[in-house]
Amino acid sequence: MVVIERGHDFFLDAIGAGEREQLNQVRLTFVNRESQSRGTTSEEVCRSLIDRVKLSLERRPSEIRKTCLQKLREVLYLLELEIALSHGRTSVPYLLSEIENVEPCCACGHLICVCAAASGSKRRSYKETALTEREPGIRSEAG
Ligand SMILES: [Zn+2]
């Protein structure tokens, strides 16, 4: 791993098939709300790791992988709880066993919507945003 910007931007080592000349790294960039630069969140990376461990569990079940899945869900929960507490909430009202399936807000990226708390606006999901902003005639079924 190479740190490009501490806490925000990284090159991660990549392995697997590919051209020998290709750079063997992938870039991971986190949102920087202070500089307003675009990127993902720690929570979103947790969701991707959870998905990866769930797939590996399907292929090769093991108690160690089950524990990894549980720990990753706990990390996701705690990251969300930290944000919730900092916005005056007292809990994250989702089951730990399903927390990765709850769709985060498209604007703030959190399960307990920080932007709605700040502005009073309705929380929008990624799916809602994708449907309404890409093709205005299509409405979300979740509506
Ligand atoms: Zn939000």
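Throughout, read-outs are computed from the coordinates displayed, never taken from laboratory work. Since the model is a prediction, treat every value here as computed from it, not as a measurement. Every residue, glycine as well, gets a Cβ built from its backbone with ideal geometry; the counts of neighbours run over all protein chains shown.
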request  = Please state the charge dipole magnitude for the range 1-89, taken about the Cα centre, from unit charges on C-beta atoms (+1 on K and R, -1 on D and E), reported in debye and rounded to the nearest 20.
outcome  = 360
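What list do you get for Thr41, Thr67 if you sort them by fewest beta carbons within 10 Å?
Ascending Cβ contact count within 10 Å gives the list Thr67, Thr41.
Cβ under 12 Å from Ser48's Cβ, Ser48 left aside: what net charge do those residues give with Lys, Arg +1 and Asp, Glu -1?
Once positives and negatives cancel, what remains is -1.
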